[in-house]
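What follows is calculated from the coordinates using simple rules that are stated; it is not laboratory data. As the structure is a prediction and not an experimental result, all values here were calculated from the model. Neighbour counts are summed over all protein chains in view; Cβ atoms, including those assigned to glycine, are modelled from backbone coordinates with ideal geometry.
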Amino acid sequence: MATQVPPSKDPMPASRRPKPPTKDLEAPQDYKEVFGSRSAPSKFADPCEAASRAALDCLERAHYNRNECMDFFKAYRECKKNWIEQRKTDRRNAT
């Protein structure tokens, strides 16, 4: 069985640090297209998949030092918030 490696406490060198997230990560894809493009409905379809993947990639590069990737987590939270707001607006307008 593999042993768990604790997260690094050392800051990442500037040369390896990922570029800050762009504003397009905060904007979710159109959820109707994301859910409609699947052959079967799934609760695992995520319009914020790009932001999620960027945050996880940052964590891997930073050796799981979460403090180095807070901007990516913030972009993911903003994306989710915008997605929920978009769904609420669409539901209100449909009735």
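Take each peptide in 71-80, 19-28, count the other Cβ atoms within 10 Å of every residue, and average; sorted highest first, the result is 71-80, 19-28. Straight-line cross-link partners of Lys80 among the aspartates and glutamates, defined as a Cα under 19 Å from its Cα and at least 8 positions apart when in the same chain: Asp24, Glu26, Asp30, Glu33, Asp46, Glu49, Asp57, Asp71, Asp90. Taking other residues whose beta carbon is less than 11 angstrom from the beta carbon of Arg53, and scoring Lys, Arg as +1 and Asp, Glu as -1, yields -4. Other residues within the sphere of radius under 11 Å centred on the Cβ of Pro13, judged by their own Cβ, net out at +1 (K and R +1, D and E -1).
Within a straight-line Cα-Cα reach of under 16 Å, Lys9 can be paired with the following aspartates and glutamates, leaving aside sequence neighbours fewer than 8 residues apart in one chain: Glu60, Glu68.
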